[in-house]
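This report refers to the structure that appears directly beneath it.
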């Protein structure tokens, strides 16, 4: 065998071996697909294709922004204490320090009718007016052992699904009064008043945390987490296949926080007063994004079903803005906000942009009482 | 002093003979004109995967079926079916398998091999193994590249799909093994093996698969298709019919059948080589 032949054989075998090693490592530790998404969070692969709302928050960026630091200083002392208390309580419950441990969060909501069977949990028929299924995917640094221990201490049970660990904790549902729907022993139909309320849905009797990858946890229900794991393994379609939603994601991804979704589906399930839903121009999709720096800038986009609806919606917003400007003469702190509003219409899209400098935000916040202010009698 | 074929004192064992022929043939096979053809055949899917990837980067909606965007895993599954299983593997098996002996006849070098103190079947087996090595080190890395390029499209997970990919790799290796054995027999037995091989690979195998009944068991693709972990794409009437009449044998039955096909046809090929008189015409 010549050296050339040997080199070709070794080269081919090396490519094969490297690929196999890469694949096995990717399978075991869940390396995100490089280049699968052009700048969008890789966690979108865990979001079902038919999600109604998808949201993202770059927690690290928001926490580190000068605006947040300034707001923190400006907040009244009691508000700061309450915020710290809330964080501490959450940390006690989950072992996660939001300020230190979390990098970013991706969340989605899914209408119950669209939620397929997953993880052995069969979703029930649609109820009314509430969003039913959801999952929060948190990227950051987590002490898995500690989180598991905390949950186990609170009655959580460690389970495994497709090789991933998840902790399921039954919710503490208050016992209903005798005679009321949901009395112990009587099964409560989904959608009925006695139905237990979960953190991310109306029909959930459990709260679950799944360890999807190193540094990625999912918080929601067992069914939601199972579905995310299924999606990772290629079983089912994820949101990256939904061109309409992905177009909105790509349009919003520059924001530190954003939320996009199907407005029509949300409206269908929302309990709106009177026939307000019918009076609204037919909005199909929405996208909202915000950037935190020394100030706050943002953009809200609505995609209507046709050009005419977009014009109508633009006119409605213009009317509201004009009305607000008239009213703001007595409240000058709102003037800058209203002045910064820019409305534009292009085809079926209506876009409203705003920018709030730190000074304006400062004027909108309640002024903390000065220590040398004499107490009121 | 050079020893003649009749000298039994230094006669190598069958395995040693196979190894010597393998060593001799692999270089010849790898640097033959046929390798250019093989590079084109296995390079095309890689090029296609690169194009898909570039289109995806520029967000060009090119990969759609009935206006539905295909994700990477579906696309890869389609490529396994349509490109590798229906074309690359049979074609490489055909062109290399039928040429194992035919090349030596055409080059008039068969005499040099047959006058060595080794069994003729060892020549065939050594060349068959060199065909396997030669095609495997090109086809399987090509599939690997396609996998890493295509599966992440649309948010597909490389890790999540990897167990299925291992099945794909094994499947293609089995395809090369079994098709190679069948075509090695055709090449060793028939005068014009390429034509017969083409008729078998792209006539018999395609037609019989859409005919209801037991006739499809007399094809290699019937068993290979039973192992494919991806859904069969219905890209034409033929594949739609195939899907309609598709019966999937169990995995143990499939593996046993492929093993029987390989061993049986290799034995037949060896038998044919041992008995056939090859005429080296001008």
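Remarks
- Centroid-to-centroid, using Cα positions, region A:215-254 and region A:291-328 are 29 Å apart.
- The stretch between residue A:324 and residue A:146, if pulled fully straight at 0.36 nm per residue, gains 59.0 nm over its current Cα-Cα span.
- The mean count of C-beta atoms from other chains within 10 Å of the C-beta of residues in B:18-27, rounded to a whole number, is 2.
- Projected label distance in nm at residue B:190 and residue A:340, using a 7 Å step from Cα toward the beta-carbon: 7.9
- Shielding by partners for peptide A:228-239, expressed as the average number of C-beta atoms from other protein chains within 10 Å of each residue's C-beta, is 4.
- Calculated FRET efficiency, residue B:206 to residue A:254, Cβ-Cβ distance, R0 = 60 Å: about 0.70 to the nearest 0.05.
- In nm, spacing of pseudo-spin labels at residue A:81 and residue B:255 (7 Å Cα→C-beta vector): 6.9
- The residues B:108, A:253, when put in order of fewest to most other Cβ atoms within 10 Å, stand as B:108, A:253.
- Residues A:92, A:159 in ascending order of nearby Cβ atoms (within 10 Å, fewest first): A:92, A:159.
- Using a Förster distance of 30 Å, the FRET efficiency for residue B:109-residue B:87 (Cβ separation, nearest 0.05): 0.45
- Region B:14-274: relative contact order as a whole-number percent, Cα under 8 Å and 6+ apart: 28
- As a rough footprinting exposure proxy, the listed residues B:189, B:204, A:258 were ranked by other beta carbons within 10 Å of their own, and the order from fewest upward is B:204, B:189, A:258.
- Number of partner chain Cβ atoms within 10 Å, mean per residue of B:138-148: 4
Since every read-out is calculated from the coordinates, none of them should be taken as a lab result. These numbers were taken from a predicted model, which means no experiment stands behind them. As a convention, Cβ positions derive from the backbone with ideal geometry for all residues, glycine included, and neighbour counts pool all protein chains shown.
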